[in-house]
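Worksheet: one structure, shown below.
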Amino acid sequence: MGSQRIEPDGIAPPAANYAHAVLSDHTGRILHTSGVVPIAPDGSVPAGVADQAAVVWSSISAILAEASMGPADIVSVVTYVVVGEDLGSVMTARDVALEGNLVASTLVYVPNLAQPAWKVEVAVVAVA
């Protein structure tokens with residue numbers, strides 16, 4: 001049992017550092033997060049998108065740890081980024097946090113998020 005990337009022949013390779021699909025063959029636990037937003041533990045929201053992405057992934061790491069999981073257990077990521085923000089820094093934060101684990105990943109540009117100060121929001125699914 002475990003998770004494996006699905007990369008069929010006959011379709012274009014992924015456009016970035018992700019897997020087209022991940023097949024999980026588990027009878028274990030599945031963790032679904034809500035959209036994790038860039039609010040630091042002290043209640044502040046960093047101004048820049050790179051710092052916001054770091055806060056988001058730090059929070060995701062804490063959620064995973066509380067569930068006795070880690071980056072290798074993540075199978076899917078959905079990232080929402082406000083249009084006009086630096087996508088490269090958001091993707092770098094994701095790649096660092098995933099520690100080389102290629103997951104099914106969706107990126108959505110949005111005009112804004114629920115709070116005007118927020119520039120990035122991430123939801124993950126993890127299986128252990």
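The values are calculated or read from the model by the stated rules, or taken from the named source; none is laboratory data. Nothing here was measured: the structure is a model prediction, and the numbers come from that model. Methodologically, a virtual Cβ is constructed for each residue, glycine included, from the backbone with ideal geometry; neighbour enumeration extends over all protein chains shown.
The set of residues in segment 72-128 being over 10 Å from the mean Cα position of the chain (by Cα) and of a type in the set (Val, Ile, Thr) consists of Val81, Val82, Val83, Thr92, Val96, Val108, Val110, Val120, Val127. Looking across segment 14-28 at every residue that is of a type in the set (S, T, N, Q) and either part of a helix (DSSP H, G or I) or in contact (Cβ under 8 Å) with a residue 40 or more places away in the chain (or both), the one that is nearest to Ala97 (Cα to Cα) is identified as Asn17.
Do we have any residue at all in segment 4-13 that's within 15 Å of the chain's Cα centre (by Cα) and hydrophobic (A, V, I, L, M, F, W, C)? Lay out the reasoning, then the answer.
Let us first name the residues in segment 4-13 that are within 15 Å of the chain's Cα centre (by Cα), namely none.
No, there is no match, as no residue in segment 4-13 is within 15 Å of the chain's Cα centre (by Cα) and hydrophobic (A, V, I, L, M, F, W, C).
Looking at Ser105, Ser68, which one is on the phi > 0 side of the Ramachandran plot and hydroxyl-bearing (Ser, Thr, Tyr)? Walk me through how you get there before you give the answer.
Working: Ser105 fails: on the phi > 0 side of the Ramachandran plot.
Sole residue among the options that is on the phi > 0 side of the Ramachandran plot and hydroxyl-bearing (Ser, Thr, Tyr): Ser68.
To keep it simple, each residue is scored yes or no on (1) surrounded by 14 or more Cβ atoms within 10 Å (Cβ to Cβ); (2) β-branched (Val, Ile, Thr); (3) modelled with pLDDT of 90 or more; (4) closer than 23 Å to Gly84 by Cα.
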{"residue": "Gly2", "(1), (2), (3), (4)": "no, no, no, no"}
{"residue": "Glu7", "(1), (2), (3), (4)": "no, no, no, no"}
{"residue": "Tyr18", "(1), (2), (3), (4)": "yes, no, no, yes"}
{"residue": "Val22", "(1), (2), (3), (4)": "yes, yes, no, no"}
{"residue": "Asp25", "(1), (2), (3), (4)": "no, no, no, no"}
{"residue": "Gly28", "(1), (2), (3), (4)": "no, no, no, no"}
{"residue": "Leu31", "(1), (2), (3), (4)": "yes, no, yes, no"}
{"residue": "Pro38", "(1), (2), (3), (4)": "yes, no, yes, yes"}
{"residue": "Val45", "(1), (2), (3), (4)": "yes, yes, yes, yes"}
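All conditions in (1) out of contact with any Pro (no Cβ under 7 Å at 6 or more places or on another chain); (2) within 16 Å of Ser3 (Cα to Cα) hold for Asn101, with the sole exception of (1).
Listed residues Ala40, Ala54; which is over 25 Å from Ala128 (Cβ atoms) and of a type in the set (A, V, I, L, M)?
Values: Ala54 fails: over 25 Å from Ala128 (Cβ atoms).
Criteria check complete, one pass: Ala40.
In the condition set (1) over 16 Å from the mean Cα position of the chain (by Cα); (2) surrounded by 16 or more Cβ atoms within 10 Å (Cβ to Cβ), Ala50 is compliant with all but (1). Here Ile74 clears all of (1) among the hydrophobic types (A, V, I, L, M, F, W, C); (2) more than 15 Å from Trp118 (Cα to Cα); (3) touching a helix residue (DSSP H, G or I) at 6+ places or on another chain (Cβ under 8 Å); (4) in contact (Cβ under 8 Å) with a residue 60 or more places away in the chain except the condition numbered (4).
Please go through segment 91-121 and pick out each residue that is closer than 21 Å to Gly70 by Cβ and of a type in the set (A, V, I, L, M).
Taking segment 91-121 first, the residues closer than 21 Å to Gly70 by Cβ are 91-105.
Across segment 91-121, the qualifying residues are Met91, Ala93, Val96, Ala97, Leu98, Leu102, Val103, Ala104.
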